[in-house]
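Quick notes on the structure that follows.
The values are calculated or read from the model by the stated rules, or taken from the named source; none is laboratory data. These numbers come from a predicted model, not from an experiment. Cβ placement follows ideal geometry from the backbone for every residue including glycine, while neighbour counts extend to all protein chains displayed.
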């Protein structure tokens with residue numbers, strides 16, 4: 001394909017399609033870090049691939065392996081992953097209204113309902129563009145996220161002791177990177193400080209995994225209280 | 001239960017949560033009250049995961065190379081570098097600190 005052909009092809013893509021594709025590439029690529037961190041946490045390559053294929057919601061996947069890496073129980077990992085996935089219910093509600101998918105498409109739309117597909121669809125004002133944005137971002141991220149998870153898992157598996165390559169530092173950076181965009185206002189920063197302190201103080205006192213759930217309880221109470229006092 | 005069972009259960013929960021949104025009456029979830037709780041819950045969980053991965057060493061607290069990774073990552077994020085670069089810098093800082101000390 002010549003350069004002008006490529007440009008002509010690009011022009012034929014609608015804004016929603018282009019946005020969906022670029023989000024798919026950016027997000028899909030960091031599937032590498034999920035794959036590598038997951039095997040470093042002690043999961044097998046197959047378990048890692050299963051999480052990306054079936055759970056398919058990045059934050060919850062990182063939470064699940066993060067708890068396992070910290071020595072937490074499967075139940076604590078399940079709790080943290082499920083709580084972090086709660087926002088997907090809100091996304092599902094928005095997307096259900098926007099796309100009104102029918103039959104088998106409804107089941108697939110639910111699976112592909114994540115931060116990226118919801119954001120792409122919501123950023124468009126035209127109904128057909130919203131639909132295109134959702135399916136391109138959702139399908140694109142699903143494909144690339146799974147491919148790069150597998151690449152990361154296989155790489156991590158061959159490299160050996162992950163601490164030698166600072167992979168535990170990569171996990172710290174990944175979680176901070178997921179948190180960072182949510183710290184734009186003073187109120188979430190205050191909440192983060194309280195929860196960070198509660199987690200650190202409770203690590204020596206509570207069984208592994210529970211400090212996370214304690215922080216979740218603090219967060220939920222904070223949200224409830226803040227919403228009532230704002231009214 | 002084996003880890004495989006917990007994975008299966010967690011995946012089922014994740015899918016059920018997404019599907020619930022497509023099935024529930026709108027007024028249940030789109031209230032400022034629920035928005036506020038969902039938003040705070042996310043910040044709380046991500047903070048706890050960051051802190052735990054930085055200072056937890058089994059049931060104890062430890063200050064080690066991971067704290068350097070946290071500082072380096074924060075600086076990279078403040079510089080508005082992309083996510084993948086931030087993760088790479090975190091790993092690099094951690095590995096370098098371990099090599100030196």
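From the list B:8, B:38, exactly one residue is more than 7 Å from chain A (Cβ to nearest Cβ), in a helix (DSSP H, G or I) and under 30 Å from residue A:102 (Cβ atoms). Which is it?
Values: B:38 fails: more than 7 Å from chain A (Cβ to nearest Cβ).
Exactly one residue qualifies, and that residue is B:8.
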Residues within the stretch A:137-190 that are part of a loop (DSSP other than H, G, I, E, B), more than 10 Å from chain B (Cβ to nearest Cβ) and under 26 Å from residue B:64 (Cα atoms), tallied | 2
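Condition first: in a helix (DSSP H, G or I) and more than 7 Å from every other protein chain (Cβ to nearest Cβ). Now tell me which residues in the stretch B:74-97 satisfy that.
Filtering the stretch B:74-97 for residues in a helix (DSSP H, G or I) gives B:74-78, B:83-97.
Listed by number, the residues that qualify are B:75, B:76, B:78, B:85, B:88, B:96, B:97.
Quick check on the stretch A:29-38: of everything there that is more than 7 Å from chain B (Cβ to nearest Cβ) and under 11 Å from the mean Cα position of the chain (by Cα), which residue is nearest to residue B:50 (Cα to Cα)?
Pass one, the stretch A:29-38, residues more than 7 Å from chain B (Cβ to nearest Cβ): A:31-32, A:34-38.
Those left that are additionally under 11 Å from the mean Cα position of the chain (by Cα): A:31, A:34.
Details: A:31: 18, A:34: 15 Å.
Filtering first and then ranking leaves A:34.
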Every residue from the stretch A:55-95 that is more than 7 Å from every other protein chain (Cβ to nearest Cβ) and at positive phi = A:56
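Restricting to the stretch A:39-54, what's the tally of residues that are more than 8 Å from chain B (Cβ to nearest Cβ) and within 14 Å of the chain's Cα centre (by Cα)? Quick ask: steps written out before the conclusion?
At the first step, the residues of the stretch A:39-54 found to be more than 8 Å from chain B (Cβ to nearest Cβ) are A:39-42, A:44-46, A:48-49, A:52-53.
So of that shortlist, the ones also within 14 Å of the chain's Cα centre (by Cα) come out as A:52-53.
Within the stretch A:39-54, residues that are more than 8 Å from chain B (Cβ to nearest Cβ) and within 14 Å of the chain's Cα centre (by Cα) number 2.
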Hey, could you check the stretch B:34-53 for residues that are over 12 Å from residue A:84 (Cα atoms) and modelled with pLDDT of 85 or more and say which is surrounded by the fewest Cβ atoms within 10 Å (Cβ to Cβ)?
-> B:36
Can you name the condition, by its number, that residue A:154 falls short on among (1) surrounded by fewer than 18 Cβ atoms within 10 Å (Cβ to Cβ); (2) touching a residue at least 40 places away in the same chain (Cβ under 8 Å); (3) within 24 Å of residue A:182 (Cβ to Cβ)?
-> (3)
Give the stretch A:93-136 a look and list any residue that's crowded, with 18+ Cβ neighbours inside 10 Å, free of Cβ contacts under 8 Å to residues at least 60 places away in the same chain and not in a helix (DSSP H, G or I), or say none.
-> A:101, A:112, A:113, A:114
